[in-house]
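To start, I am sharing the structure in question, which I have written as structure tokens.
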Amino acid sequence: MRALHVVLLPGWRGAGRGHWLSWLAGQLRGLGVVVHAPALPGAELGEWLAVLRASLAAAPPSADLVVLAHGLGANLWLHHAAGVDGRDRRAHRVLLVAPPGPGWRHPEVRGLHPAPVDSRALRRAASITRLVAGLGDPYCSRVEALGLARGLGVELDLVTGGEHLNEDAGFGAWPEVLAWTLGQVPSLGGNSPAGARS
């Protein structure tokens, strides 16, 4: 198995100790996987893009680059993808978890939302991209998640009762995400009603 280089992108207010991103970082490091879990300052697109691109540049060419992003971290990846050209490092796999829907707004968030919905750019940025949304997410409805997956041309897992897929919804330890990150499963096995691909 090729070496992995994993980049974890938290949402707007970061990932606390009880968040699955923090749990995942610990699990991966325990397996000897190189993990970049950068702190994203404030909520301004330019600053976040600079941090993301530095993390991607640190990945050795021989490693499979895997990116997991939650909330506005997923939006950050979509903005990055929109600016990718032939000189940028392409990710092997990307998991976008619980991005905010197009109707979400907050006055402190600058430039990150809404995110570009560009399926061609997404394919340039990564070989495989998958979207995961929780049913009952207060920031993204089921209809919005389905629309986003269609617009991006990506596979979607809908997790029953997942809400925002964070620690408040009970997503601390998340073994399925660890298995996906390691390339052991193709999906998160979320419940995918009609219209969602699994």
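The values are calculated or read from the model by the stated rules, or taken from the named source; none is laboratory data. Bear in mind that the values here come from a model prediction, so they are computed numbers and not experimental data. Accessible surface is based on the protein model in full, side chains and every heavy atom, while ligands, DNA and RNA are left aside. Shrake-Rupley method; radii C 1.70, N 1.55, O 1.52, S 1.80 Å.
Ignoring ligands and nucleic acids, what accessible area does Val34 show with a 1.4 Å probe (Å², nearest 10)?
It works out to around 80 Å².
Next question, about the same structure. Could you please state how large a percent of the accessible area of the chain is carbon and sulfur, counting protein chains only and using a 1.4 Å probe?
53
How far is the Cα center of segment 123-182 from the Cα center of segment 45-80, in Å?
That distance is 17 Å.
What is the ratio of the Cα radius of gyration of the chain to 2.2 N^0.38 Å, with N the residue count, to two decimals? It would help to have the intermediate numbers written out before the result.
On the way: Rg = 15.2 Å, N = 198, 2.2 N^0.38 = 16.4 Å.
The reported ratio for this selection is 0.93.
How large is the accessible surface per residue of segment 1-147, computed with a 1.4 Å probe and reported in Å² as a whole number?
44
What residues have an amide H closer than 5 Å to that of Ala91, excluding those fewer than 5 places away on the same chain, when H is modeled at 1.01 Å from N in the peptide plane?
Counting only residues 5 or more places away or on other chains, the set is Ala126, Ser127.
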